[in-house]
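Attaching a single structure in structure tokens format; questions to follow.
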Amino acid sequence: MILKYRYQLLSYFLLIILVVVAAALVLATQHTRDSNVTVVRDRLSVYNDNIYAKYVSIGEFDNIVLPTHIRFTVLDTNFRVVYDNRLEIDTTATYPRRPEIAQAKKKGEGSSLRLSRKTNVETLYYTRKYNDVYITTSTPFEIEGIIMTSGQKDYIYILIGLVAFLFGSIIVITNTILKPLKSFREFISVLKSGEKDFSKIKFTNDEYGQVGKMLAVTLDELEEAKKYKQELSHNISHELKTPVTGIRGYLETILSDKDIDKELMLKFVDKAYLQTLRLVSLINDVSIINKMDEGAKYYKTEKINIYKCLLDVREELGYKLKAHNIKFEQLISRELTITGCYQLIYSLFKNLVDNTIEHGGDNTTITINAGVENKGEYAPYGIKFTYSDTGKGVPDEALAKLFERFYRIESGRVRTMGGSGLGLAIVKNAVLFHKGKIEVMNREGGGLVFKFTLMSME
């Protein structure tokens, strides 16, 4: 297999060299052709000047002697043929449309390389405007002589030497490229064995070694992600089990006792309903988390009025706020807007308020402040928010873990009323989605303070 790969590598290098050589030859040929066009055009320019000088001195064109392959045509200022050394005057020819004559009319001289309509031979035409006439000289391009200059010959010699050098170097290059494969073979062996310790592998100190190290790190991260998914699945299963078990217990009690007291039955139905709400909340939160993990493709952005968004949150949670005597203060401008995902921003504030309701205690006050920062004419701007409540705080050592999924604390803001355990994780991910940052701290005098920034996604 290694030998086969070596031969493949050699063939790839050879193919590249052949392509380079072919391209170089094409460029050299084109360069040679362009150089010869310039040389032949300069010769025709000399012929033009000689023709006009002799015409001025002798007053006629018949006695002007030129090489037999040189044809010249004299036109007056109205582009009528005055003289042609080869043919009879062609009254049907459209001389002003010819590119070399059109150029001479604008710039005083012009040239073009094209097939002759009469001879079907590639011909170079040169026209110069004099005082009262236009003189066009032409020659078959190949007859005038295509001579390779010494510089062009040197170019070919250098190219041949370069090819020889490259061909001699591909063996060394191939061996250098194949050398790091040894560490990759060790990597694969460790992977096949089921071991997770890649520290013993000696990766080469180059780009290939960096790739190997990155693969090792990636596999470690995938292993951690696998463990995280397993833990998440276990937590979700556990969280689902609690409300489902409760609902089942209440319904079984109702169904098993035909003579159950109506008031007690309604009480059990009400408890089952509350567990159903908890179950729906959990499912919705898990759905949001999963969408966030999979990327931004599930969320569209739009212009959002923050004040209106908070009013929507208050309307949905109004009965809970009233039931727990929680005061809601939104000290922000009615005109404050941001471009972002409404669903996520709504979930962000809803989960912050839910967190206060469920864990902050009764008779608390929620305060939300906001201000625009880093606003520019063309650059995106950010909105800095401060969310605080006057409820219960948490131990300082628990602050750093509040945004973890399904995190529980033993005291302070304990989950006494249920909830999915994903609320603050959704808050953090919504902030990250909007390219912002978030921090949480205990409020002096009790409660929590969340400070975060949302960047406008314009």
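Only the coordinates and a few stated rules stand behind these numbers; no lab work does. Just so it is clear, the model here is predicted, and its values are computed rather than measured. Cβ coordinates were reconstructed from backbone atoms using ideal geometry, including for glycine residues, and neighbour counts include every protein chain displayed.
Averaged across orientations, what area in nm² does the convex hull of the alpha carbons in the stretch 297-455 project?
9.4
Determine the alpha carbon to alpha carbon distance for each of Lys320/Lys435; Lys384/Lys437; Lys322/Lys350; Lys271/Lys320 and list only those over 20 Å.
Cα-Cα > 20 Å for Lys320/Lys435; rest within.
Over all directions, what mean area does the Cα convex hull of the stretch 303-353 project, stated in square nanometres?
Mean projected area for the stretch 303-353: 3.4 nm², to one decimal.
Using only the alpha carbons, work out the radius of gyration and Dmax of the stretch 41-84 in angstrom.
Values for the stretch 41-84 (Cα only, Rg and Dmax): 10.6, 28 Å.
Based on C-alpha coordinates, I'd like the Rg and Dmax of the stretch 2-140, in Å.
Cα only, the stretch 2-140: 22.6, 84 Å (Rg, Dmax).
I've got another one for you. Gly436's amide H: which non-local residues (gap 5+, or another chain) put their own amide H closer than 5 Å, with H modeled 1.01 Å from N in plane and none for Pro or chain starts?
Met455
What size of dipole, in debye to the nearest 20, comes out for the stretch 2-140 about its Cα centre when the only charges are +1 on Lys and Arg C-beta atoms and -1 on Asp and Glu C-beta atoms?
Once rounded to the nearest 20, the dipole reads 700 debye.
Another question about this same structure. Using each residue's phi in the stretch 324-333, evaluate 6.51 cos²θ - 1.76 cosθ + 1.60 at θ = phi - 60° and report the 3J(HN,Hα) Karplus result to the nearest Hz, with x for Gly and Pro.
9, 6, 9, 8, 10, 10, 10, 8, 10, 5
I'd like the Karplus ³J(HN,Hα) series for the stretch 259-264: coefficients 6.51, -1.76, 1.60, θ = phi - 60°, whole numbers in Hz, and an x wherever there's a Gly or Pro.
Using θ = phi - 60°, the values come out as 9, 4, 4, 4, 5, 5 Hz.
Sequence gap of 8 or more, or different chains, plus Cα separation below 20 Å: how many lysine pairs satisfy both in the stretch 2-140?
4
If amide hydrogens are placed 1.01 Å from N in the peptide plane, which non-local residues have theirs closer than 5 Å to the one on His324?
none
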